[in-house]
1. How would you rank 77, 179, 210, going from fewest to most other Cβ atoms within 10 Å of each one's own Cβ?
2. Using only the alpha-carbon atoms of the range 48-169 as identical scatterers, what base-10 log of I(q)/I(0) does the Debye formula give at q = 0.09, 0.12, 0.13, 0.20 Å⁻¹?
3. Taking 8 Å as the Cα distance limit and 6 or more residues as the minimum spacing, I'd like the relative contact order of the range 139-233 as a percentage.
4. Between helix 39-48 and the chain, what is the angle of the helix's C-alpha long axis to the longest principal axis, kept within 0 to 90° and rounded to the nearest 10?
5. For the chain, what is the percent of antiparallel DSSP beta bridges, rounded to the nearest 5?
6. Tell me, what is the FRET efficiency for residue 275 and residue 70 to the nearest 0.05, using R0 = 45 angstrom and their Cβ-Cβ distance as r?
7. Quick one: grab the alpha carbon gyration tensor of the range 40-105, order the square roots of its eigenvalues as a ≥ b ≥ c, and give me rounded if a/c is under 1.5, else prolate or oblate depending on whether a/b is larger than b/c.
8. For Cα pairs less than 8 Å apart in space and 6+ apart in sequence, what is the mean separation divided by the residue count of the chain, i.e. the relative contact order in percent?
């Protein structure tokens, strides 16, 4: 298949692109390489895919991977540039679109709401329009566990009410699901939303707990532990996430457990909740350094506990997350030490 992966310089987008390439698909990666976090990390991911920085910096210019010359190309493009996006779809003739690009971050949405509306709503609309007019067979897109908001029922199930988001980021992701439903209903192409739960692993985002904790502990700085440590997350290792995403892309839609396969949403996570303090202990053990902890109150836009029920994804796609926290943490620490040349 020929697959467009948006957000290809991002954490999940990079890993997904690499797996799809390894599976023999022709992949075109797209990213605007914004500066929400260190762009050097984004260029580092692209370099690992064979895309040189001097080429990746150019807007609306397609460059071919030097490592994967046949199946992988990259273009720097902003999803708000609808005409350029339309031309890309017309010229490349994709079979499937994997839309992972978004303005990420729950707390940052409190500071810069406009960025979330532009990227996550207007950008998503432009993707939907391109899918509509170019006969895309299947749009797989990133939603988020944040849509569950004030939901107190544990574990979270896709059938739960998600009308109480507590951050603008969450509201934009819920909007994406509604928009996808509308386009599937009106225009008949298939859409699949994946509600990601806390993802971690090598090449992870610097604004996420795994990265923040590791960096602070190594430098001897205190780590901020919110809600006094009384938090639980469905920490999911990146390889488990990518396994699920790729299965959804590669598997024929007819296998789904419902007759109408044009619109579907799944949770994708580790299928269990892990205490934040246990996660921190795993990092301490892997580094061999005791963390200095600074207990903080609950932050606006945060929830106390997340836990994904992934039974539907298991049933329809034989999804099987299973990477132990220790193994996942060790893999991240190994990568971090090599990438930042820490001894």
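Since every read-out is calculated from the coordinates, none of them should be taken as a lab result. What you see is a predicted model; the values in this text were computed from it and never measured. Heads up, the Cβs are rebuilt from the backbone with ideal geometry, glycines too, and the neighbour counts pull from every protein chain shown.
1. 179, 77, 210
2. For the range 48-169, the Cα-only Debye profile gives -0.35, -0.59, -0.69, -1.19.
3. About 28 percent, as a whole number.
4. 60 degrees
5. Counting DSSP beta bridges with both partners in the chain, the antiparallel share is about 10 percent.
6. Efficiency, from the Cβ-Cβ distance: 0.50.
7. Taking the square roots of the gyration eigenvalues as a ≥ b ≥ c, the range 40-105 is oblate.
8. Reported relative contact order: 17 percent.
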